[in-house]
Amino acid sequence: MVDNVGAGASSDDGGVKLEQDKLLPIANVGRIMKQILPPNAKISKEAKETMQECASEFISFVTGEASEKCRKERRKTVNGDDVCWAMGALGFDDYAGPLRRYLQRYREIEGDRANQEKPANTNNTSIADQEKEAPPSSSSSYRTNQGIRM
């Protein structure tokens with residue numbers, strides 16, 4: 001019988017590398033942790049690694065719930081609304097509301113940004129020419145329905 005204790009810490013770099021690919025970058029985790037601490041505070045490697053695993057697991061947990069909802073609805077894309085729904089469904093109501101407000105504001109800003117990037121109607125281009133260049137109307141929902149392709 002093979003003993004699997006410590007399998008994640010095997011000397012085979014392939015197994016460890018695959019596990020690390022599922023985690024958030026440790027430098028990013030450390031940077032986020034430092035933002036809340038006093039400037040002279042230190043963070044141990046163990047604390048960063050623990051937070052890295054917890055944050056990565058939380059993301060997987062919420063995304064899995066959102067993905068399951070999409071599967072039941074026969075959709076292939078997880079979007080922000082699905083993540084907000086999953087947060088509430090998993091009991092994170094205190095976070096789901098602020099996340100919905102953030103998502104709404106993000107969409108407003110992205111919509112404003114997209115409108116600013118559109119070229120202004122010039123006299124050199126006719127309306128017919130602009131309609132030819134315009135993307136199909138279904139793409140207008142792209143910004144509000146963008147998400148994670150499964």
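For VAL83, neighbours were defined as the other residues whose beta-carbon sits under 11 Å from its Cβ, and their charges (Lys and Arg +1, Asp and Glu -1) total -1. What is the list of residues in region 72-92 whose amide nitrogen lies under 20 Å from a point 7 angstrom out from the Cα of ASN28, following Cα to Cβ? So the set is 78-84, 87.
In the assembled protein chains, ASP94 presents an accessible area of approximately 130 Å² (probe radius 1.4 Å). If the limit is 26 Å between Cα atoms, which of LYS48/LYS72; LYS22/LYS69; LYS72/LYS118 go over it? Among LYS48/LYS72; LYS22/LYS69; LYS72/LYS118, the Cα-Cα distance tops 26 Å for LYS48/LYS72; LYS72/LYS118.
The values are calculated or read from the model by the stated rules, or taken from the named source; none is laboratory data. Because the structure is predicted, anything quoted here is derived from the model rather than measured. A quick note on method: Cβ atoms are made from the backbone with ideal geometry, for glycine too, and the neighbour counts reach across all protein chains shown. Note: areas computed on protein heavy atoms with side chains; ligands, DNA, RNA excluded. Shrake-Rupley method; radii C 1.70, N 1.55, O 1.52, S 1.80 Å.
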